[in-house]
Amino acid sequence: MKPKTQRLALVAAALVAVLAAVLLAMWGLKDRAAYFYTPADIAAGRAEQGKPMRLGGMVERGSIKRVADGVTIRFNVTDGEARTPVTYRGIVPDLFGEDSGVVAEGRMRQGVFVADTILAKHDERYMPPQLG
């Protein structure tokens with residue numbers, strides 16, 4: 001075999017290996033993908049019931065309600081156009097509060113977003129309470 005043919009075969013084998021690795025990674029992660037939706041997207045019916053997704057927006061003022069069990073919290077997320085009720089069982093982040101940004105990971109169930117994880121968002125001027 002000529003050196004030029006050997007290089008061409010090596011490059012072709014490398015491309016096939018990279019393509020196979022990418023396809024395997026995509027196939028393995030397809031069930032773990034969580035798409036980002038806003039309350040307006042959910043109100044428009046773009047979110048499927050029971051599929052993993054992320055809900056982003058602002059915690060609506062006056063909507064935070066703590067259940068008597070001490071670990072369940074209910075609140076509404078709004079984007080200014082629509083609102084989505086959220087239920088979360090667990091400890092919320094310190095930055096979580098009314099009129100604050102939030103990203104919730106979970107699933108829609110019967111018109112309510114059941115969150116597995118709550119991530120509080122802050123702006124670029126955030127200063128931790130210990131330093132402020």
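The values are calculated or read from the model by the stated rules, or taken from the named source; none is laboratory data. Keep in mind that what you see is a predicted model, and the values were worked out from it rather than measured. Note: ideal-geometry Cβ built from the backbone for every residue, glycine included; neighbour counts use all protein chains shown. Please note that ligands, DNA and RNA were not included when accessible areas were found on the heavy atoms of the full protein model with its side chains. Shrake-Rupley method; radii C 1.70, N 1.55, O 1.52, S 1.80 Å.
Report, by residue number, each residue of region 95-117 that is in contact with a Pro (Cβ under 8 Å, 6 or more places away or on another chain) and farther than 17 Å from ALA43 by Cα.
GLU105
Can you name every residue in region 32-82 that is among the aliphatic types (A, V, I, L, M), touching a helix residue (DSSP H, G or I) at 6+ places or on another chain (Cβ under 9 Å) and under 16 Å from SER100 (Cβ atoms)?
Across region 32-82, the qualifying residues are LEU55, VAL77.
Any idea which residue in region 50-82 is farthest from GLU105 (Cα to Cα), counting only those that are open to solvent by 50 Å² or more (accessible area, probe 1.4 Å) and under 15 Å from the mean Cα position of the chain (by Cα)?
Ranking the qualifying residues of region 50-82, first place goes to MET58.
Taking the condition of being over 18 Å from the mean Cα position of the chain (by Cα) and modelled with pLDDT of 90 or more, how many residues in region 107-132 meet it?
Residues in region 107-132 being over 18 Å from the mean Cα position of the chain (by Cα) and modelled with pLDDT of 90 or more: 1 in total.
Looking at this structure, is GLY28 without any contact (Cβ under 8 Å) to a residue 60 or more places away in the chain and under 22 Å from GLY80 (Cα atoms)?
Here the answer is no, as GLY28 does not meet what is asked.
Which numbered condition trips up ALA43, out of (1) surrounded by 14 or more Cβ atoms within 10 Å (Cβ to Cβ); (2) touching a residue at least 40 places away in the same chain (Cβ under 8 Å); (3) under 20 Å from LEU119 (Cα atoms); (4) touching a strand residue (DSSP E or B) at 6+ places or on another chain (Cβ under 8 Å)?
Only one criterion in (1) surrounded by 14 or more Cβ atoms within 10 Å (Cβ to Cβ); (2) touching a residue at least 40 places away in the same chain (Cβ under 8 Å); (3) under 20 Å from LEU119 (Cα atoms); (4) touching a strand residue (DSSP E or B) at 6+ places or on another chain (Cβ under 8 Å) is unmet by ALA43, namely (3).
In a loop (DSSP other than H, G, I, E, B) and touching a strand residue (DSSP E or B) at 6+ places or on another chain (Cβ under 8 Å): is that true of PRO85 in this structure?
no
Pairs only if they're at least six apart or on different chains, beta carbon under 9 angstrom, first in region 86-111 and over 14 Å from VAL71 (Cα atoms), second surrounded by fewer than 14 Cβ atoms within 10 Å (Cβ to Cβ) and among the aromatic types (Phe, Trp, Tyr); list them, first residue then second.
LEU95/TYR126; VAL103/PHE36
Looking only at region 88-106, decide whether some residue is at pLDDT below 90, open to solvent by 80 Å² or more (accessible area, probe 1.4 Å), of a type in the set (Ser, Thr, Tyr) and touching a strand residue (DSSP E or B) at 6+ places or on another chain (Cβ under 9 Å).
No, that holds for no residue.
Scan region 48-64 and report the pairs whose first residue is part of a loop (DSSP other than H, G, I, E, B) and whose second residue is polar (S, T, N, Q), with Cβ atoms within less than 7 Å and a gap of 6+ or a chain change.
GLU60/ASN76; GLU60/THR78; SER63/ASN76
In this structure, is ARG7 in a loop (DSSP other than H, G, I, E, B) and more than 20 Å from PRO93 (Cβ to Cβ)?
It is false that ARG7 is in a loop (DSSP other than H, G, I, E, B) and more than 20 Å from PRO93 (Cβ to Cβ).
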